[in-house]
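Structure first, then comments.
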Amino acid sequence: MTEPVAFDTTTPRQALPLLVAGQAQKEFFVNEAFARIDALLHPVVEGVASTPPVSPAPGEGWVVADPASDEWAGHAHALASWDGAQWTFCAPAEGTQVFDRTLGARRVFLGSWQSPTRPTPPTGGTVIDTEARAAVTAIIDMLATLGVIPPE
């Protein structure tokens, strides 16, 4: 006898549900995949919290803090997205980036959520080069404008 073919049920990186031949209620799995794609494609979060907000707006996203409680219990570090009726949780892959509205900059997942800090512009030294300082300050300002580091 031949061995039955085993199919993966989720994608390897983002755990999007996959359809299999003869599967009942395909729309459930397709809609789940669309909800996760909606949460993960260019993600923007309101901030980091350990409990869900009282009245979230549809499409609102959060980074779940550790420790998490209430509806978010057991989902520490996940991205939580409200669809108007329920929370969709997506575990971040290494290198996942989100824009945090509260921070005004990006966060990146490297084992835990990391956020950049704004470098201090040069102020000291024995030789003062105003052009070099102006260039470094312009680079810092551009990184802040792009949301790579937080604004002042």
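Restricting attention to region 126-134, does a residue exist that is closer than 30 Å to Glu32 by Cα and either among the aromatic types (Phe, Trp, Tyr) or open to solvent by 50 Å² or more (accessible area, probe 1.4 Å) (or both)?
Our first condition is that a residue be closer than 30 Å to Glu32 by Cα; within region 126-134, this holds for none.
For region 126-134, residues closer than 30 Å to Glu32 by Cα and either among the aromatic types (Phe, Trp, Tyr) or open to solvent by 50 Å² or more (accessible area, probe 1.4 Å) (or both): absent.
Can you confirm whether region 106-116 contains a residue that is more than 19 Å from the chain's Cα centre (by Cα), under 30 Å from Gln14 (Cα atoms) and loosely packed, with under 13 Cβ neighbours inside 10 Å?
So the first thing to find is which residues in region 106-116 are more than 19 Å from the chain's Cα centre (by Cα), and the list is none.
No, every residue in region 106-116 fails to be more than 19 Å from the chain's Cα centre (by Cα), under 30 Å from Gln14 (Cα atoms) and loosely packed, with under 13 Cβ neighbours inside 10 Å.
Any residue in region 36-63 that's on the phi > 0 side of the Ramachandran plot: show its pairings with residues that are of a type in the set (S, T, N, Q) and open to solvent by 50 Å² or more (accessible area, probe 1.4 Å) at Cβ separation under 8 Å, as long as the two are six or more apart or on different chains.
From region 36-63, the pairs are Gly47/Thr102.
Scan region 78-102 for residues that are within 18 Å of Ala49 (Cβ to Cβ) and of a type in the set (Gly, Ala, Ser) and jot them down. Walk me through how you get there before you give the answer.
Going through region 78-102, the residues within 18 Å of Ala49 (Cβ to Cβ) turn out to be 78-83, 86-92, 96, 98-102.
The answer is Ala78, Ala80, Ser81, Ala91.
The values are calculated or read from the model by the stated rules, or taken from the named source; none is laboratory data. Note that the structure is a prediction, hence the values are computed from the model and not measured. All Cβ positions, glycine included, derive from the backbone under ideal geometry; neighbour counts span all protein chains shown. Protein only, heavy atoms only, side chains kept; ligands, DNA and RNA dropped before computing areas. Shrake-Rupley method; radii C 1.70, N 1.55, O 1.52, S 1.80 Å.
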